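A.B. asks: Have a look at this one before I ask anything.
The values are calculated or read from the model by the stated rules, or taken from the named source; none is laboratory data. Source: prediction; values computed, not measured. Cβ atoms come from the backbone with ideal geometry, glycine included; neighbour counts cover every protein chain shown. We work out accessible area using only protein heavy atoms, side chains counted, and drop any ligands, DNA or RNA first. Shrake-Rupley method; radii C 1.70, N 1.55, O 1.52, S 1.80 Å.
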Amino acid sequence: RWRIMDDSLCKLYKFRRAVDRDHFVIALLSYEAETQHHADILIMEGEVSLKLSTKDLQKVTELDKEYARFADQLFRDLVYSPDHGDEVSEPA
């Protein structure tokens with residue numbers, strides 16, 4: 001679930017495979033290049049944390065919500081793809 005903390009949307013994604021985590025981050029960076037809207041991304045072993053807010057306005061905007069929807073769909077596509085050997089449940 002996305003949480004609101006300090007006027008930002010925040011979520012932690014957990015991965016069993018480093019390759020899925022890496023593909024996730026690369027796709028996020030491509031999305032950012034296309035939209036020119038950026039998140040704070042913290043990459044850890046097996047986890048990626050996202051923090052979204054529109055920095056100019058210091059609040060959550062529709063751009064942040066669109067990014068969040070993109071990230072959730074991307075996560076589902078990666079961890080539930082046929083070439084993924086096992087199922088991973090989405091973090092709470």
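A.B. asks: For the chain, find the longest principal axis of its Cα atoms and tell me its angle to the long axis of helix 62-79, 0 to 90°, nearest 10.
C.D. replies: Its long axis makes an angle of about 0 degrees.
A.B. asks: Another question, if that's okay. If you roll a 1.4 Å probe over the chain with all protein chains in place, what percent of the accessible area is carbon or sulfur? Let's see the in-between values first.
C.D. replies: Numbers: 2970 of 5830 Å².
Whole-percent figure for carbon plus sulfur exposure: 51.
A.B. asks: Then there is this: Using a cut-off of 23 Å between alpha-carbon atoms, which lysines can reach LYS14, once sequence neighbours fewer than 8 places away in the same chain are excluded?
C.D. replies: Cα-Cα hits under 23 Å: LYS51, LYS65.
A.B. asks: In Å², and per residue, what accessible area does the chain have when probed at 1.4 Å with the other protein chains present?
C.D. replies: Here the per-residue accessible area is 63 Å².
A.B. asks: Hey, what number do you get for the chain at 222 nm if only DSSP H runs of n ≥ 4 count, each worth -39500 (n - 2.57), divided across all residues, to the nearest 500? Present the calculation step by step, with values, prior to reporting the outcome.
C.D. replies: On the way: 2 runs with 36 residues, N = 92.
The helix-only estimate for the chain comes to -13000 deg cm²/dmol at 222 nm.
A.B. asks: Modelled label-to-label distance, GLU32 and LYS14, 7 Å Cα→beta-carbon offset: nm?
C.D. replies: Result: 2.5 nm between the two label points.
A.B. asks: Using a ≥ b ≥ c from the Cα gyration tensor of the chain (square roots of the eigenvalues), is it rounded, prolate or oblate, where a/c under 1.5 gives rounded and otherwise the larger of a/b and b/c decides, a/b for prolate?
C.D. replies: Since a/c reaches 1.5 and a/b is larger than b/c, the shape of the chain is classed as prolate.
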